[in-house]
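The values are calculated or read from the model by the stated rules, or taken from the named source; none is laboratory data. Computed from a predicted structure; not experimentally measured. We place every Cβ from the backbone using ideal geometry, glycine too, and count neighbours over all the protein chains shown.
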Amino acid sequence: MLRVSAPTPSRTLPVIVLAQFCCTSLWFAGNAIAPDLAARLQQPAAFVAHLTSAVQLGFITGTLTFALLAVADRFSPSRVFGLCALAAAACNLGLLLPAAGNLLVCRFLTGFFLAGIYPVGMKIAADYAPAGLGKWLGFLVGALVLGTAFPHLLKSGAVRLPWQLVPGATSALATLGGLALWQLVPDGPYRRAGQGLHLTAFLSGFRLPGFRAAAFGYFGHMWELYTFWAFVPLLLTSYNQAHPGAALPVAGWSFGLIGAGAVACVGSGLLSRRVAPRRLALTALALSGLCCLVSPWVLSSASAAVLLGFLLFWGLVVVADSPMFSSLVAQNAPDATRGTALTIVNCLGFALTIVSIQVTGWLAGRVPTTYLLVGLTAGPLLGLLAQLGHTQRAASAPR
């Protein structure tokens, strides 16, 4: 009788990473074509902030719903991922609708179903490789970063895809990724199914000091991350306006500056095998906070090389801590509610991104662009304080 070998992390985790890339290409599909949408719908330049916030608000609503119902712990995570990928791909096609209101509703729904993709993908990875989770979350978050940047590549001169085809291309990619994971990745050997519906289960992790510290570090990181990504095209456009001879290709550089973060995620994941994840997270968070602080001076430089070099470095360190914080959250979460714990932390983190994006969008027409991102310093600062406070309490605890 033919015996089929059980799936192993080395065979399944690459599929999870590829599926994550394919499906998260939906996230910034609207941002990549925001100028075209704004022109067609006669919307102001700040429309990009509304597009981004609609997705984030949908994601928050989805993660809160999934957390309250413990969806990722009660049902097969692979099936949840696949179904949500198909639903999100369908909603993403709403970018072609002729009315701004309907378009924003579809972006909201796309974000809602992304809640069954990003945190659930991390849950599936944890169910396969709890011991080497930092390494694999580095690849997984790197896939998210590359997927986020990918729509900009579709709009760049390297591909020259008409903007009307970007929604269809990203939806097709997400469909393939969702079906691949659903069919090729069964539930992991370390999965512990939830014991039923407990509406307060998502709070259990916050009673644990290690989990709480990792979560608050993640929140500080999130205050900065998506706002930086959302406004990179604006920074490049503003530079072109101030220096007409530069003619920087905005879409191409947006892809490069955001997508470079994937390398940082993979690098931090590999380094976590030799260096403590908490130390890596603190280092990256401190460096990105420093970038926020000095941004007014660097962004006012007339040198394109200085601008691009600075944004590239910022693009690396702004996300290098993400897989480390996710790993710390997963490792410190209660076993029976790990999926729910990851989901609620994502929910709260992305809620902060809406505030950050909207505040920055409001400031965009009121302060010089060079000063636009200095307020992001607050996130890394508070995240560092949370981590250092936990380290001091752990050092002073009786042994």
Practice task
List the helices (runs of 4 or more DSSP H) that sit entirely inside region 9-87 and contain at least 3 residues that are within 22 Å of PHE350 (Cα to Cα).
Solution key: 9-24, 29-32, 47-68, 71-74
Exercise for the section: Select from region 149-173 the residues that are over 16 Å from LEU37 (Cα atoms) and modelled with pLDDT of 85 or more and write down the one among them that is nearest to the chain's Cα centre (by Cα). Expected result: ALA149
Handout entry: Test: residue in region 337-344 that is surrounded by fewer than 24 Cβ atoms within 10 Å (Cβ to Cβ) and small (Gly, Ala, Ser)
Key = no
Practice task
Considering only residues that are in contact (Cβ under 8 Å) with a residue 24 or more places away in the chain and part of a helix (DSSP H, G or I), look in region 363-374 and name the one that is nearest to the chain's Cα centre (by Cα).
Solution key: VAL374
Exercise for the section: Test each condition in (1) more than 21 Å from the chain's Cα centre (by Cα); (2) farther than 29 Å from ALA215 by Cα for ALA32 and report the one that comes out false. Expected result: (1)
Exercise for the section: Would you mind telling me which numbered condition in (1) under 27 Å from SER53 (Cβ atoms); (2) free of Cβ contacts under 8 Å to residues at least 40 places away in the same chain SER301 fails? Expected result: (1)
Problem - Odd one out for ARG273 among (1) at pLDDT 90 or above; (2) assigned to a loop (DSSP other than H, G, I, E, B) - result: (1)
Practice task
Could you please give the count of residues in region 291-326 that are modelled with pLDDT under 95, of a type in the set (S, T, N, Q) and outside any loop (DSSP other than H, G, I, E, B)?
Solution key: 2
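Condition check ((1) closer than 24 Å to THR360 by Cα; (2) surrounded by 17 or more Cβ atoms within 10 Å (Cβ to Cβ); (3) at pLDDT 80 or above) across all residues:
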site	(1), (2), (3)
LEU41	yes, no, yes
VAL48	yes, yes, no
ALA54	yes, yes, yes
ALA70	no, yes, no
ASP73	no, yes, no
PRO77	no, yes, yes
GLY82	no, yes, yes
Practice task
For region 91-113, name all the residues that are among the hydrophobic types (A, V, I, L, M, F, W, C), at pLDDT below 95 and within 20 Å of the chain's Cα centre (by Cα).
Solution key: LEU104, CYS106
